Amino acid sequence: MKTTLSSPATQDVARSLKTPTDIAEEGVAAISEELRTLLADVMALYVKTKNFHWHMSGPHFRDYHLLLDEQGSQIFEMTDDIAERARKLGGTSIRSIGQINRLQRLKDNDQDDVRPQEMLSELMSDNQQLTAFMRATHAVCDEHGDVATASLLENWIDQTERRTWFLFEAADE
């Protein structure tokens, strides 16, 4: 059932979600939309990274298992900051797994048997895509003068590039 902002109770909820900011309303809407979609991608990458961590096998099991555990933790740490940044601006964040599924651009991997090198290569590609998505979000932040979100994105881009690099080196065997 779709909710509209016509009832007084719904209007009060919508009003209570607004946070004072000097960023124009259209900027808040654009940046919040970017952050929601980015958060969906980060959540999808987190689950995929943990999936591959749990299902790793082979002669490099320990090294890859620990690498993916470390990367999964780093990815998960981004989630709260992304969601809270949207709220600090007066926007909203994701609300459900269904919404994540609708918004995510990174593809899931439900295959029963994925070879370790395929796992690493797929995660490397996903991290590269995430970097591109973050750069696009950064451009939207620049357009609307949101230096705080842009600054967070710069750190996340650096972390994501580092994950990509590590996965590239590990997959190159």
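The values are calculated or read from the model by the stated rules, or taken from the named source; none is laboratory data. From a predicted model like this one, the values you see are computed outputs, not experimental measurements. A quick note on method: Cβ atoms are made from the backbone with ideal geometry, for glycine too, and the neighbour counts reach across all protein chains shown. Heads up: the accessible areas ignore ligands, DNA and RNA and are worked out on the full protein's heavy atoms, side chains in. Shrake-Rupley method; radii C 1.70, N 1.55, O 1.52, S 1.80 Å.
Details
- Annotation: of all residues in the range 1-60 being hydroxyl-bearing (Ser, Thr, Tyr), modelled with pLDDT of 80 or more and within 23 Å of Thr79 (Cα to Cα), the one that is surrounded by the fewest Cβ atoms within 10 Å (Cβ to Cβ) is Thr21.
- All of Asp41, Asp69 fail the test of being assigned to a helix (DSSP H, G or I), in contact with a helix residue (DSSP H, G or I) (Cβ under 8 Å, 6 or more places away or on another chain) and farther than 20 Å from Asn101 by Cα, apart from Asp69.
- Filter result (loosely packed, with under 14 Cβ neighbours inside 10 Å and either touching a helix residue (DSSP H, G or I) at 6+ places or on another chain (Cβ under 8 Å) or farther than 30 Å from Tyr64 by Cβ (or both)) within the range 162-173: Glu173
- Considering the conditions (1) of a type outside the set (A, V, I, L, M, F, W, C); (2) surrounded by 21 or more Cβ atoms within 10 Å (Cβ to Cβ); (3) within 15 Å of the chain's Cα centre (by Cα); (4) within 16 Å of Thr137 (Cβ to Cβ), Thr79 is excluded by exactly one of them, (2).
- The residue that is farthest from Tyr64 (Cα to Cα), among those in the range 101-122 that are touching a Lys or Arg at 6+ places or on another chain (Cβ under 7 Å) and either surrounded by 14 or more Cβ atoms within 10 Å (Cβ to Cβ) or among the β-branched types (Val, Ile, Thr) (or both), is Leu103.
- If you go through the range 82-100 and keep only what is open to solvent by 40 Å² or more (accessible area, probe 1.4 Å), free of Cβ contacts under 8 Å to residues at least 24 places away in the same chain and part of a helix (DSSP H, G or I), you end up with Glu84, Ile97.
- Hey, Glu161 at pLDDT 95 or above, assigned to a helix (DSSP H, G or I) and farther than 17 Å from Arg36 by Cβ or not: yes
- Residue match in the range 139-147 (condition: under 21 Å from Leu67 (Cβ atoms) and either charged (D, E, K, R) or outside any helix (DSSP H, G or I) (or both)): no
- In the range 144-161, residue surrounded by the most Cβ atoms within 10 Å (Cβ to Cβ) [restricted to those that are without any contact (Cβ under 8 Å) to a residue 24 or more places away in the chain and acidic (Asp, Glu)]: Glu154
- Condition met for Asp126 (touching a residue at least 40 places away in the same chain (Cβ under 8 Å) and among the charged types (D, E, K, R)): yes
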